[in-house]
Amino acid sequence: MESEVEMYAPSQTAAASEIKNYITWALWLFLIAAIVEGLMGLWSIISALTLPSWAWTWGLHTGYIMSGIIDLVWAGISFMSYMMVRSKILPLAEAGRWAEMRSGMVVWIIVGFLFGFVIAGILLLLAYMKAGELTSASATVPPPPGPTPAPAPAATAAPPPPPASPKPEEKLCPKCGKPLTYIKEYNRWYCYNCRQYV
């Protein structure tokens, strides 16, 4: 059986690589957000604990502690997002299962906008849209051609030579003028625009 890569045209493998890159960059941003927010949270809490005693009597430490707790929660959500995208979305992208990947991405796009410095959400959205293009473009092998009428019996006894298989060079559809795709499985040319064999 053909591998996943062989089934895609070169433009589709480039798009698949682009999707994986978008997801990888989004993962890095989630991780950076977790680290930055975690450090900021720790810094706020340490700052609150080192305030002079007069600041404690006025309640100034409360703002620092609350800010630190919020930052630590933010860091935790960013790190959990990193782990979830890495374990749920990236393997589907690497396997080329675009429809499944897209169905699980909407939540992570929103989380990326909120907890991934916005850019992670944008990158995941780009991966989502590119996977949509691949899902619609990577139509499965078209149905087999209808039965061809059997040729009339030849008057000579010698069998005809086997038909030479056409070379997968670029041919154009005689009806619409768009490029044809050679379907090796059926040894025929197919027009995806007209949705029929030529």
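The values are calculated or read from the model by the stated rules, or taken from the named source; none is laboratory data. These figures come from a predicted structure and were not determined experimentally. We place every Cβ from the backbone using ideal geometry, glycine too, and count neighbours over all the protein chains shown. With ligands, DNA and RNA removed, areas are computed over all heavy atoms of the protein, side chains included. Shrake-Rupley method; radii C 1.70, N 1.55, O 1.52, S 1.80 Å.
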- [ ] Looking only at region 38-62, count how many residues are open to solvent by less than 50 Å² (accessible area, probe 1.4 Å) and part of a helix (DSSP H, G or I).
- [x] 8
TODO: Determine if region 141-155 includes at least one residue that is modelled with pLDDT under 80, polar (S, T, N, Q) and over 28 Å from the mean Cα position of the chain (by Cα).
DONE: yes
Task: In region 181-198, the residues that are of a type in the set (D, E, K, R) and surrounded by 14 or more Cβ atoms within 10 Å (Cβ to Cβ) - done: 188
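Out of the helices (runs of 4 or more DSSP H) lying entirely within region 84-137, which hold 2 or more residues that are modelled with pLDDT of 90 or more, open to solvent by 70 Å² or more (accessible area, probe 1.4 Å) and within 15 Å of residue 27 (Cβ to Cβ)?
Here the list reads 119-137.
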TODO: Would you mention how many residues in region 79-97 are farther than 12 Å from residue 23 by Cα and touching a residue at least 60 places away in the same chain (Cβ under 8 Å)?
DONE: 2
Open item on the list: For the structure I just gave you, tell me whether residue 11 is at pLDDT below 95 and either hydrophobic (A, V, I, L, M, F, W, C) or open to solvent by less than 70 Å² (accessible area, probe 1.4 Å) (or both).
Closed with: no
Open item on the list: open to solvent by 70 Å² or more (accessible area, probe 1.4 Å), aliphatic (A, V, I, L, M), touching a helix residue (DSSP H, G or I) at 6+ places or on another chain (Cβ under 7 Å) and in a helix (DSSP H, G or I): is that true of residue 66 in this structure?
Closed with: no
- [ ] Can you tell me which residue within region 56-83, out of those that are of a type outside the set (Phe, Trp, Tyr) and more than 19 Å from residue 41 (Cα to Cα), is modelled with the lowest pLDDT?
- [x] 57
